[in-house]
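The values are calculated or read from the model by the stated rules, or taken from the named source; none is laboratory data. Nothing here was measured: the structure is a model prediction, and the numbers come from that model. Cβ placement follows ideal geometry from the backbone for every residue including glycine, while neighbour counts extend to all protein chains displayed. Side chains included, ligands, DNA and RNA excluded: accessible areas come from the protein's heavy atoms. Shrake-Rupley method; radii C 1.70, N 1.55, O 1.52, S 1.80 Å.
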Amino acid sequence: MRAMQIPSDHPLLLSIVDDLAACGWSQQNIFLPEALTLELAAECRKRAAEGELAPAAVGRGPTQEIREGIRGDHIQWIEPGQAEASDTYLGLMDSLREALNRGLFLGLEDFECHFAMFPSGAFYKRHVDRFRDDDRRMVSAVIYLNSQWLPEHGGQLRMYLKDQGQYDVLPVGGQLVVFLSGEVPHEVLPATRERLSLTGWFRRRGNEPF
Ligand code: OGA
Ligand code: MN
């Protein structure tokens, strides 16, 4: 994948900003070009095959623990320079960060993200993406990496929205969901096949609690 960039005033990014301002969340059915989605999926599978994905923990700091009854995904944090596809994605998210700062004055300083693989049957119980003792996470962004996902495969992201009630999103490849981290409780329902995603958080400056 050649380096790909989009300006922070791209219509796709502006529509995400507008959605967040209006109702706190946004769904973009076709956010990534198919080639990049496939490359990210391949990169996620390669890391899984090399044993680099580890069971995700719940909480942070000293109280962090693995609890499969709460979340059963395996993750690896993404750093710059690991792969071309993930670098391209980080670049796109940096443009979105600028767009969010310009449109919503959020003062977002960075973006942290990880690959996530939910084995068949795994789930993530209802939660909010903000820690009790650390409120730096402002905006969550999840991109799905699955080809040919059908409703009978399950694995929906179920959001509990203030005005619209319960809303389900199928983890269809190339689709992006963005929401305000502190305001949208959500869960991942179990799927009948492996479910790949790349989940990240835009953060504002804050004091490390530990
Ligand atoms: C998370 C999460 C949602 C999804 O990792 O915090 O809620 O659809 N992921 O993968
Ligand atoms: Mn979450």
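Here is how the numbers come out for the structure above:
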item	result
Derived scalar couplings ³J(HN,Hα) [the range 189-206; Karplus, 6.51 cos²θ - 1.76 cosθ + 1.60; whole Hz; x for Gly, Pro]	7, x, 10, 8, 9, 4, 10, 10, 8, 10, 10, x, 9, 7, 10, 9, 5, x
Chain lengthening between residue 204 and residue 148 when straightened (0.36 nm per residue, less Cα-Cα)	16.6 nm
The range 57-122 shape via C-alpha gyration tensor axes, a/c threshold 1.5	prolate
Percent breakdown of C-alpha pair distances by 10 Å bin, ordered from the shortest bin, for the chain	8, 36, 40, 15, 0
For the range 67-121 and the range 2-56, distance of Cα centres in Å	8 Å
Rounded accessible area per residue of the chain, 1.4 Å, Å²	49 Å²
Extension gain (nm, one decimal) between residue 166 and residue 52, 0.36 nm per residue minus Cα-Cα	37.6 nm
Spin-label pair residue 4/residue 131, simplified geometry with 7 Å Cα→Cβ offset, distance in nm	3.3 nm
Whole-Hz couplings from phi, Karplus 6.51/-1.76/1.60, listed for the range 143-149; x for Gly and Pro	10, 9, 10, 9, 7, 6, 8
Helical mean residue ellipticity (222 nm; -39500 (n - 2.57) per DSSP H run of 4+; nearest 500) of the chain	-8000 deg cm²/dmol
The chain: relative contact order in percent, alpha carbon pairs under 8 Å with at least 6 residues between	27 percent
Accessible-area composition of the chain, carbon plus sulfur, in percent [1.4 Å probe]	50 percent
Those residues of the range 159-176 whose amide nitrogen sits under 20 Å from the label point placed on residue 23, 7 Å along Cα→Cβ	159-172, 175-176
